[in-house]
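Here is the structure we will look at, set down as structure tokens.
The values are calculated or read from the model by the stated rules, or taken from the named source; none is laboratory data. It should be emphasised that the depicted structure is a prediction, and the values quoted were computed from it without experimental measurement. Backbone-built Cβ (ideal geometry, glycine too); neighbour counts: all protein chains shown. When the accessible area is computed, the model is the full protein with side chains, heavy atoms only, and any ligands, DNA or RNA have been set aside. Shrake-Rupley method; radii C 1.70, N 1.55, O 1.52, S 1.80 Å.
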Amino acid sequence: MPKNSKVVKRELDDEVIESVKDLLSNEDSSDDAFKKSELMVDDQEEKDVDVEEGSDVEDERPAWNSKLQYILAQVGFSVGLGNVWRFPYLCQKNGGGAYLVPYLILLLIIGIPLFFLELAVGQRIRRGSIGVWNYISPKLGGIGFASCVVCFFVALYYNVIIGWSLFYFSQSFQHPLPWDQCPLVKNTSHTFVEPECEKSSATTYYWYREALNISSSLSESGGLNWKMTICLLAAWVMVCLAMIKGIQSSGKIMYFSSLFPYVVLLCFLIRGLLLNGSVDGIRHMFTPKLEIMLEPKVWREAATQVFFALGLGFGGVIAFSSYNKRDNNCHFDAVLVSFINFFTSVLATLVVFAVLGFKANIINEKCVIQNSEKILKLLKIGNLSQDMIPHHINFSSITAEDYNLVYDIIQKVKEEEFDSLGLKSCQIEDELNK
């Protein structure tokens, strides 16, 4: 081959190599551009997904000023009359301390998991009850509306109770208290106690005739009770002022509305423990009746109380947690609020049973005095012999223990005719069971 042809061939080869390099470089750049465009599309899709899930809305949605405000809001929502009165009532009804066992078991198995689920859903989706169910499925949006309707009805009767409390608070600045004694009725000849009040009690009469001013029957409306109307209006105004700015105003109110009831409960507990017979009531509370715990009704009522106490299904838990950041530790919140709720129920039960023990002692003392008078009459007419009565017994200042001793002696000696004597066994346990 001629020399010039070799040179031409070399030049042609170099041009081909350069062309291939240019082609490869163009392919690489196009691949990079395609990959970049693909990444941009993916980022845009992820961003769109986040927008759907509320990430952009997250910056616009208000948030709690502090974690303490949020915890107090959840505690204030869950703790209420269900803890202060319904739990002690169920505890006394279903075996005292035995009721605490199924309640605690169901709280761990059902209550805390469902409570955590509502916290997690509200915190992740960052919407209220209606928005959360619409987000899960538009067909389930009715559940959110139903929970709002339930909350509305609960707010109706809770504000009525607040109105009653405001009325009694306004009347409590008098001395003596208007429900301390039965009112006197004056006529032309003499003064006497109101017969209706004498048959019931001063507190019952004041509640029905003064506070509620009820009519004689359901067919009679009785007119407008302007005192209660003003108190009910004041209750709604207070609620509206607390919520007028959303969580910015309600969060600050939580410091008072959630903590003040604990101050009152502690004051009641201290006062209750100082009353005569309070220990008997607390002992009755923690004395379990294990045979009652085997009944299915006890477990059913315990499960109902778990739902009612934690506010499950009302939508409030979801709404409060929706103002949290998504990285909030809702596991800890669920356990903390649930056990605060449980210990609040136990604290309120201690207060109630301390007062019930005091009340049972008063009723038992009246029973002892009345039956001691019966024994004295039986001794005078000769139905009972003085030899039955121990020498240290003094009927003018007889104690419950001495009366029970005399009662047992008479029951054994007069076994056949004991029922005709009309004596009652004055036991504190019997009064507490009532």
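Taken over the range 333-365, the criterion of being open to solvent by 50 Å² or more (accessible area, probe 1.4 Å) and of a type in the set (A, V, I, L, M) is satisfied by Val335, Leu336, Ile340, Val355, Leu356, Ile362, Ile363. Can you name the residue in the range 71-94 that is touching a Ser or Thr at 6+ places or on another chain (Cβ under 9 Å) and among the small types (Gly, Ala, Ser) and is also farthest from Ile253 (Cα to Cα) among such residues? Going through the qualifying residues, I end up with Gly82. Going through the range 401-418 one residue at a time, which ones are acidic (Asp, Glu) and within 17 Å of Lys377 (Cβ to Cβ)? Matches in the range 401-418: Glu417 only.
Which of the helices (runs of 4 or more DSSP H) found entirely inside the range 74-172 contain at least 2 residues meeting this: within 21 Å of the chain's Cα centre (by Cα)? So that I can check it myself, show each step before the final result.
Working: elements: 87-93, 100-106, 112-125, 129-136, 141-171.
Helices (runs of 4 or more DSSP H) meeting the threshold: 87-93, 100-106, 112-125, 141-171.
Pairing each residue of the range 223-234 that is under 20 Å from Ala155 (Cα atoms) with any residue that is among the aliphatic types (A, V, I, L, M), provided the two are 6+ apart or on different chains, yields C-beta distances under 7 Å for Cys231/Leu166; Leu232/Val160; Ala234/Leu166.
Any chance the range 306-329 includes a residue that's within 30 Å of Ser420 (Cβ to Cβ), touching an Asp or Glu at 6+ places or on another chain (Cβ under 7 Å) and of a type in the set (Val, Ile, Thr)?
If we filter the range 306-329 for residues that are within 30 Å of Ser420 (Cβ to Cβ), which is where we start, we get none.
No.
Within the range 288-307, count every residue that is assigned to a loop (DSSP other than H, G, I, E, B) and more than 22 Å from Thr344 (Cβ to Cβ).
Applying the first criterion (assigned to a loop (DSSP other than H, G, I, E, B)) to the range 288-307 yields 288-289, 294-295.
Checking which are more than 22 Å from Thr344 (Cβ to Cβ) leaves us with 289, 294-295.
Here the count works out to 3.
Summed over the range 301-329, residues that are buried (at least 18 other Cβ atoms within 10 Å of the Cβ) and under 17 Å from Ile247 (Cα atoms) total 10. If you go through the range 220-273 and keep only what is open to solvent by 60 Å² or more (accessible area, probe 1.4 Å), of a type in the set (S, T, N, Q) and not in a helix (DSSP H, G or I), you end up with just Ser221.
So which of Gln386, Gln370 ends up being among the polar types (S, T, N, Q), farther than 19 Å from Ile428 by Cα and exposed (fewer than 15 other Cβ atoms within 10 Å of the Cβ)? Give the derivation first.
Working: Gln370 fails: farther than 19 Å from Ile428 by Cα.
Unique residue meeting the criteria: Gln386.
Among the residues of the range 122-145, the one identified as within 19 Å of Lys67 (Cβ to Cβ) and either open to solvent by 30 Å² or more (accessible area, probe 1.4 Å) or of a type in the set (A, V, I, L, M, F, W, C) (or both) is Arg124. Just to be sure before I move on: is Ser216 out of contact with any Phe, Trp or Tyr (no Cβ under 7 Å at 6 or more places or on another chain), loosely packed, with under 14 Cβ neighbours inside 10 Å and of a type in the set (Gly, Ala, Ser) in the structure I sent? Yes, satisfied. Here Asn159 clears all of (1) surrounded by fewer than 15 Cβ atoms within 10 Å (Cβ to Cβ); (2) closer than 25 Å to Ser78 by Cβ; (3) in contact (Cβ under 8 Å) with a residue 40 or more places away in the chain except the condition numbered (1).
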